[in-house]
1. Give me the pairs: first residue in the stretch 164-177 and on the phi < 0 side of the Ramachandran plot and at pLDDT below 85, second residue part of a loop (DSSP other than H, G, I, E, B) and surrounded by 11 or more Cβ atoms within 10 Å (Cβ to Cβ), beta-carbon distance under 9 Å, and six or more apart or on different chains, which are they?
2. Considering (1) in a helix (DSSP H, G or I); (2) surrounded by 18 or more Cβ atoms within 10 Å (Cβ to Cβ), say which one residue 260 fails and leave the rest.
3. It is to be established whether one or more residues within the stretch 276-284 are buried (at least 16 other Cβ atoms within 10 Å of the Cβ), free of Cβ contacts under 8 Å to residues at least 24 places away in the same chain, within 20 Å of residue 59 (Cα to Cα) and touching a helix residue (DSSP H, G or I) at 6+ places or on another chain (Cβ under 6 Å).
4. Quick test for you: out of 287, 239, 213, 267, pick the one residue that is in contact (Cβ under 8 Å) with a residue 12 or more places away in the chain, outside any helix (DSSP H, G or I) and either over 30 Å from residue 84 (Cα atoms) or in contact with a helix residue (DSSP H, G or I) (Cβ under 6 Å, 6 or more places away or on another chain) (or both).
5. What residue, of 250, 272, 229, is within 26 Å of the chain's Cα centre (by Cα), in contact (Cβ under 8 Å) with a residue 40 or more places away in the chain and not in a loop (DSSP other than H, G, I, E, B)?
6. Residues of the stretch 196-206 being assigned to a helix (DSSP H, G or I) and closer than 14 Å to residue 229 by Cα, which ones?
């Protein structure tokens, strides 16, 4: 007559009859040990990230400036009323939106065309790829100074080339030309980034739909529109979101070329926050502007986190 095998009920955290620890207990022990490895980076993120953000939020509600009689006094939403809810901030927000829209359209269009060329791996594409990556490797401040010297109306390279023809062009005195210069410099520097993202996405695309479309007689445009672009949608979205964040906080290129001029035609929200903080020394207003920029960008951050699964 057979008897049922003895069963031993195990409790998480206790050892089994044969002396081995329960799997959940081993997992908890591993988690505790791994916490010691990640603790330094979390501590660094708190010190370098959360504390400055918290200090900026606190400063945005206080009267912090060099001209304040009682710096640090709580003033509520006064800084937001004086700095954010103004026509000047709305104008800088419009300028930023112009840079974002034109920058994303141009960078995606040219970046995709260059990525499609590199994806075909034509003869000499390695050299072509290396040359295209050079602008992305340069320092933005240096790039801004170089282009500022090229378009300098008196002693610039462009002025020297136009002088024999009796032509003069002052880019920095015209609103349209100044904005176009900022968009051009930003696109010149960051089109390689969009190109690399799209090339990486193209290498992971299955070849079966593309080959089937070629057999059916579909041309390049139809293949791109109905097959390649839909399959690259996640990569395209992430690349454009990253570039959107970068353009919104664009500062160094504007600071070294137009200084926000002529007037305030190229002054973005980041430039406005800099001027309020380090030119007029209104630290509370500058902090309020920075908080407003972060709040405006929350939807972009949200979509980025959802797509990247971070």
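1. That search, which allows pairs on different chains as well, returns nothing.
2. Among (1) in a helix (DSSP H, G or I); (2) surrounded by 18 or more Cβ atoms within 10 Å (Cβ to Cβ), residue 260 violates only (1).
3. Checked the stretch 276-284: at least one residue is buried (at least 16 other Cβ atoms within 10 Å of the Cβ), free of Cβ contacts under 8 Å to residues at least 24 places away in the same chain, within 20 Å of residue 59 (Cα to Cα) and touching a helix residue (DSSP H, G or I) at 6+ places or on another chain (Cβ under 6 Å).
4. Going through 287, 239, 213, 267 in turn, just one is in contact (Cβ under 8 Å) with a residue 12 or more places away in the chain, outside any helix (DSSP H, G or I) and either over 30 Å from residue 84 (Cα atoms) or in contact with a helix residue (DSSP H, G or I) (Cβ under 6 Å, 6 or more places away or on another chain) (or both): 267.
5. Selected residue: 272, the only one of 250, 272, 229 that is within 26 Å of the chain's Cα centre (by Cα), in contact (Cβ under 8 Å) with a residue 40 or more places away in the chain and not in a loop (DSSP other than H, G, I, E, B).
6. Within the stretch 196-206, 197, 198, 199, 200, 201, 202, 203 meet the criteria.
The values are calculated or read from the model by the stated rules, or taken from the named source; none is laboratory data. These numbers come from a predicted model, not from an experiment. Note that each Cβ is placed from the backbone with ideal geometry, even for glycine, and that neighbours are counted across all protein chains shown.
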